[in-house]
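I have placed the structure first, in the form of structure tokens, so that the comments after it can refer back to it.
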Amino acid sequence: MSTPVTTEVIAELAPGLLQNSIDQRIVKVRPMSTPIDQLSRCAGSRKADAMKVEYYSVDTKSTETTFLRAQGGGGVRRSEEMFVYRIYTADDTIFEATETLLLPAVKGGDGNPLVLYVAGRSAEGGLDVSPVNGVYDEMEEVYTLPDIAVGSKIIRMGRAATELDVQTAQFTSLPKKSNNNCQIFKMQVEQSTLAKIARKEVGWNFSDQEEAAIIDMRLGMEKNFLFGKRHCLFDSTKNENIYFTGGIWNQTDEEMEVKLTTLNESTLISLCAKAFTGNNGSKRKILIAGTALMEALSKITFTKMLSSGETMVKWGVEFKEICSNFGSLYVLHSEVFDQCGHKRDGFILDPEYMTKYVHVPFQAEKLDLRKSGQRNTDAVVLTEASCLVLRYPKSHLKVIGI
């Protein structure tokens with residue numbers, strides 16, 4: 001290659017190279033103060049072609065629902081040994097033909113929990129099921145459906161195929177389309193020419209000014225990434241749209257209330273159970289806590305069932321590890337929660353399922369204010385247009401301190 005290697009050439013042939021280098025420098029600036037922004041930069045980002053980002057989030061298919069009622073009139077004989085009954089559940093859509101169902105609170109004819117076989121799903125609503133261990137009717141010589149109380153739990157289990165079956169009903173877990181806005185974050189730093197040439201008592205220069213500005217900028221971004229509200233306003237004066245990004249706090253409906261005055265080992269185990277089960281998430285998650293929640297956590301006496309591990313540093317952030325039989329929480333205190341009115345709350349984040357979209361990568365643009373006749377200063381404008389989104393929203397959890 002005969003062309004000199006310039007920033008323009010690098011940007012064209014390896015567009016992520018300069019961005020990664022910038023991010024590597026940014027993450028060294030007060031990482032403990034902005035853990036969400038820190039994680040998003042360490043994990044890498046995706047290019048957004050527009051200010052409005054559309055993405056798909058997928059939740060795991062539900063494994064349980066409740067019983068509503070059975071259709072009157074008894075069952076219909078489908079074969080010599082098989083009677084089929086029509087039942088209705090709170091969510092028939094999670095079931096498919098050939099699946100087996102478990103009703104833990106309902107006893108079958110053999111005294112064990114009732115198991116049903118899904119013969120089909122009706123287009124008009126309801127499931128056609130056949131009891132596997134129902135109550136045996138000696139006159140009809142079939143297993144009948146026992147009485148099932150309204151609200152009884154129904155668990156979806158595995159499929160049961162015949163020897164000659166080649167196909168089954170297609171597994172469907174359709175992704176949900178969501179969107180967020182990239183917000184343009186800016187910060188301008190200036191230093192006058194006289195201040196630049198004056199002798200300093202300490203080693204304070206323009207780079208230090210930029211570092212202080214980056215700290216302030218990242219703190220602002222952290223608050224937007226956590227608690228921002230997605231919206232778009234039209235500024236008639238500037239004749240332009242202003243985009244506001246939505247924070248990850250409002251991107252999940254999963255939450256659990258904890259009473260801080262009585263927070264103990266038992267409550268924390270329940271919190272771990274809620275955070276790590278039924279969501280197909282990772283076994284290592286991050287708990288970012290406000291001051292009151294962190295204070296309550298620090299007072300817990302740990303045992304062998306729930307242990308407080310060693311302090312560890314990951315992604316440039318120092319965590320305190322809490323280990324449970326369900327998974328490990330990396331705990332971190334954040335004053336941003338206090339400043340935003342969430343002193344008693346926390347957020348359990350699965351870093352594997354958080355994605356950062358960047359429309360305008362972080363960049364520093366120098367302004368020549370002297371030539372334009374405005375001010376006798378050196379100026380740099382720091383800019384980034386980005387947003388955070390949560391995939392698999394159920395793998396994240398809001399902790400509400402009461």
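The values are calculated or read from the model by the stated rules, or taken from the named source; none is laboratory data. It should be emphasised that the depicted structure is a prediction, and the values quoted were computed from it without experimental measurement. Backbone-built Cβ (ideal geometry, glycine too); neighbour counts: all protein chains shown. Surface areas here come from the heavy atoms of the whole protein model, side chains and all, with no ligands, DNA or RNA. Shrake-Rupley method; radii C 1.70, N 1.55, O 1.52, S 1.80 Å.
Rundown of residues vs (1) touching a strand residue (DSSP E or B) at 6+ places or on another chain (Cβ under 7 Å); (2) at pLDDT 85 or above, yes/no style:
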position: 335; (1), (2): no, yes
position: 365; (1), (2): yes, no
position: 369; (1), (2): yes, no
position: 382; (1), (2): yes, no
position: 386; (1), (2): yes, yes
position: 398; (1), (2): yes, yes
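At positive phi and without any contact (Cβ under 8 Å) to a residue 24 or more places away in the chain, is that true of residue 151?
no
In the stretch 275-298, is there at least one residue being part of a strand (DSSP E or B), in contact with a Pro (Cβ under 9 Å, 6 or more places away or on another chain), open to solvent by less than 40 Å² (accessible area, probe 1.4 Å) and within 30 Å of residue 186 (Cα to Cα)?
Within the stretch 275-298, one or more residues are part of a strand (DSSP E or B), in contact with a Pro (Cβ under 9 Å, 6 or more places away or on another chain), open to solvent by less than 40 Å² (accessible area, probe 1.4 Å) and within 30 Å of residue 186 (Cα to Cα).
Scan the stretch 238-257 for residues that are over 14 Å from the mean Cα position of the chain (by Cα) and at pLDDT 90 or above and report the count.
Qualifying residue count, the stretch 238-257: 3.
Being closer than 21 Å to residue 160 by Cα and open to solvent by 50 Å² or more (accessible area, probe 1.4 Å) is the filter here, so list the residues in the stretch 114-135 that pass it.
Listed by number, the residues that qualify are 117, 121, 132, 135.
May I ask you to list pairs of residues, at least six apart or on different chains, whose Cβ atoms are under 6 Å apart, with the first in the stretch 317-329 being among the hydroxyl-bearing types (Ser, Thr, Tyr) and the second being part of a strand (DSSP E or B)?
328/284; 328/321
Which condition number in (1) surrounded by fewer than 17 Cβ atoms within 10 Å (Cβ to Cβ); (2) within 11 Å of residue 95 (Cα to Cα); (3) aliphatic (A, V, I, L, M); (4) at pLDDT 85 or above is the one that residue 157 fails?
Unmet condition: (4).
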